[in-house]
Amino acid sequence: MKKMLSLVLALALVLSCLCLPASAEVAYTTTLRVEVFDRSIAGLNIEDCWQLRYAQENFGDPNGIKLQFVPVSRWEEGDILTTQISGETAPDICVTYNGDLVNSLIADDGVKALDDLIAQYGQNIVAFLGENLLSYGTYDPDGDGVKTQYTIPARRISVVNQGAFIRSDWLAALGMEEPKTIEELEAYLYAAKEAKLGGEMTIPFNYAIFTSNPMFAMRYYISAFVDFSQITEEDWVALKDNPEMLPGAKEAFKLFNKWYHDGVLYENFAVDTDSTIGDTYMTQGNFGYFLQQYDQPWRTDKNYQSEMAKNVPGAEWIPVNAWANIYDGRTLHDNYDAAGLTVFIPHWVSDETAKAAVMYLDWMCQPENMFAMQNGTDGINYEGLDANGLPMNAKPTEEVPDDNKLHAGDVVFLANGYNFGDDAKNAAYVALSFPGYEENVAKSVIYSNTDAWTQLSFTVPIEAATDYSGAVMLKQNELIAQTISCDPENFDAVWDEYIQAIKDAGADEVIEAYRQAYKDGNWRGTFPGTK
């Protein structure tokens, strides 16, 4: 009887174990906080999204690591991260485009060295980035000739940067061809205004100051007026952050001043910096020209083209390449460096958490994980694979259920762009990822790569940039706002006033530091030179 009772109790114990839920609590030994850009995409909750749940299930749970995504506004990330780092509240994995902040942190021993961690736990990181690109994250802050891996640069799958766009339906209504020069573009802008092609609120030229990088768009326009025969490669590097001081730049601002007073340039350009009103006018079909990323009109997270077409049947954005240099005819564009945003671990992060961080980044770089995190679920985010294994018919974000919404670049940040293992597949997917707009996207890429030069960067921290860039950019914002909106007869005086204010804010010190870095050979990038 006792044997039978023991057998029954043992069987009951086995059955009770078998009945335990499959989702039993995992014993987490580490919590890993990961910064993720937040672009305020409707329905996408960064702190509880499909990508986080996928990473938790496939990386976090097997390793006893609790993952947390920390949302940071993409357009304010530099200021937010600076504040968080000052209070030592920043995430364990930080991502940023703010090179000056990173250089400052490295100079102040504020970043954890990663050499040993990558050697032990980062073989997939090395395989994905390659030794050369990974070296962009090495620094020698004390000048002893020994470089240390302080950061991990993301890999830009495509280096294409800005693109300009024009309304093909407006061109047709005006009987005009696609403009190839500034003069032809100006004729289009004035004709569109006169014909009120966007209704009473016709705004032919959309422009707004990007306050955290005021020269982002202006550099594109300035390049058309620069006399490159009057500057050297050294000057080009020294004036990296101050294109307004290049010979001829003033003429670009004069043109904008003229357009502003003639009513063809967006009147709220100096205050509508968050693009809220701009996006409204864009989707309502009031704008006739704008400049943003090369694929901006057709992106799935904010498809300007499809939203505008809903409100204005027949309305269409097409690429345009009209800013030909007045001296040599080249349409100059700046393209990205192969190194994208910067990933780093703050110095106060524990060794165990830093290990978890590198393990997570290494897991992210494994092809199967990168594919899943970038593309989502078959039948929900896309519909099947083509013969090359590329997802077909990617769904716009608004057509995906909230539980499955994702943003590839903000979460899979070591790949700035969709990656499928080789350049040919990556290029093919650029077209596939914009169903219905393939020709326009391809054309935009061609325009953006025409007469392109690579953005400049430095291989050593530039202390002057750390100290003065914030103040200089504030004055650059004022220069743009004041010179464009001032009375034309006062333009020269206002220009001189704000150029001097920029210099007084520390630009001269930054320029001289960049000039010295050039002389020391501590720079990367290209000089457009002359034709």
Just to be sure I understand, how many residues within the range 369-406 are in a helix (DSSP H, G or I), under 20 Å from Ala424 (Cα atoms) and open to solvent by 20 Å² or more (accessible area, probe 1.4 Å)? 1
Mind checking which residues of the range 236-265 are among the acidic types (Asp, Glu) and either surrounded by 21 or more Cβ atoms within 10 Å (Cβ to Cβ) or closer than 13 Å to Ile222 by Cα (or both)? Asp241, Glu244, Glu251
Residue check: is Ala387 of a type in the set (Gly, Ala, Ser) and either without any contact (Cβ under 8 Å) to a residue 60 or more places away in the chain or touching a strand residue (DSSP E or B) at 6+ places or on another chain (Cβ under 9 Å) (or both)? yes
Residues that are of a type in the set (A, V, I, L, M, F, W, C), at pLDDT below 90 and open to solvent by 80 Å² or more (accessible area, probe 1.4 Å): find the helices (runs of 4 or more DSSP H) completely inside the range 1-113 holding 2 or more of those. 2-18
From the set of residues in the range 246-274 that are in a loop (DSSP other than H, G, I, E, B) and polar (S, T, N, Q), which is modelled with the highest pLDDT? Asn268
Given the options Glu497, Glu463, name the one that is acidic (Asp, Glu) and more than 28 Å from the chain's Cα centre (by Cα). Glu497
Of the numbered conditions (1) over 30 Å from Tyr382 (Cα atoms); (2) touching a residue at least 40 places away in the same chain (Cβ under 8 Å); (3) open to solvent by 40 Å² or more (accessible area, probe 1.4 Å), Glu497 satisfies every one except a single condition; which is it? (2)
Filter the range 437-461 for residues that are hydrophobic (A, V, I, L, M, F, W, C) and under 15 Å from Gly529 (Cα atoms); which is surrounded by the fewest Cβ atoms within 10 Å (Cβ to Cβ)? Trp453
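Conditions tested, residue by residue: (1) among the hydrophobic types (A, V, I, L, M, F, W, C); (2) over 28 Å from Ser40 (Cα atoms); (3) under 25 Å from the mean Cα position of the chain (by Cα).
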{"position": "Tyr304", "(1), (2), (3)": "no, no, yes"}
{"position": "Gly314", "(1), (2), (3)": "no, yes, no"}
{"position": "Pro319", "(1), (2), (3)": "no, no, yes"}
{"position": "Gly329", "(1), (2), (3)": "no, yes, no"}
{"position": "Leu341", "(1), (2), (3)": "yes, no, yes"}
{"position": "Glu368", "(1), (2), (3)": "no, no, yes"}
{"position": "Ala387", "(1), (2), (3)": "yes, yes, no"}
Residues that are among the β-branched types (Val, Ile, Thr) and more than 30 Å from Gly143 (Cβ to Cβ): which helices (runs of 4 or more DSSP H) entirely in the range 407-471 hold 2 or more of them? 438-449
Could you tell me which numbered condition Gln120 fails, if it satisfies all but one of (1) part of a loop (DSSP other than H, G, I, E, B); (2) open to solvent by 20 Å² or more (accessible area, probe 1.4 Å)? (1)
Residue under evaluation Glu177, criteria (1) in a helix (DSSP H, G or I); (2) closer than 28 Å to Asn335 by Cα; (3) out of contact with any strand residue (DSSP E or B) (no Cβ under 9 Å at 6 or more places or on another chain), criterion not met: (1)
Pairs only if they're at least six apart or on different chains, beta carbon under 7 angstrom, first in the range 435-463 and without any contact (Cβ under 8 Å) to a residue 24 or more places away in the chain, second assigned to a helix (DSSP H, G or I); list them, first residue then second. Glu438/Ala431; Ala442/Ala431
Being surrounded by fewer than 21 Cβ atoms within 10 Å (Cβ to Cβ) and not acidic (Asp, Glu): is that true of Ala270 here? yes
Mind listing just one residue for me: the one in the range 280-299 that is touching a residue at least 24 places away in the same chain (Cβ under 8 Å) and part of a helix (DSSP H, G or I) and, of those, most open to solvent (accessible area, probe 1.4 Å)? Gln284
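Each row is one residue, and each column tells you yes or no for (1) under 25 Å from Ile484 (Cβ atoms); (2) open to solvent by less than 20 Å² (accessible area, probe 1.4 Å); (3) over 21 Å from the mean Cα position of the chain (by Cα).
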{"site": "Asn132", "(1), (2), (3)": "no, no, yes"}
{"site": "Tyr136", "(1), (2), (3)": "no, no, no"}
{"site": "Gly145", "(1), (2), (3)": "no, no, yes"}
{"site": "Phe165", "(1), (2), (3)": "yes, yes, no"}
{"site": "Ser168", "(1), (2), (3)": "no, no, yes"}
{"site": "Ile182", "(1), (2), (3)": "yes, yes, yes"}
{"site": "Arg219", "(1), (2), (3)": "yes, no, no"}
Going through the range 308-320 one residue at a time, which ones are open to solvent by 60 Å² or more (accessible area, probe 1.4 Å) and free of Cβ contacts under 8 Å to residues at least 60 places away in the same chain? Lys310, Asn311, Pro313
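The values are calculated or read from the model by the stated rules, or taken from the named source; none is laboratory data. The structure presented is a predicted model; accordingly, all values stated were derived computationally and were not measured. Backbone-built Cβ (ideal geometry, glycine too); neighbour counts: all protein chains shown. Ligands, DNA and RNA are stripped out before the accessible areas are found, and what is left, the full protein with its side chains, is counted by its heavy atoms. Shrake-Rupley method; radii C 1.70, N 1.55, O 1.52, S 1.80 Å.
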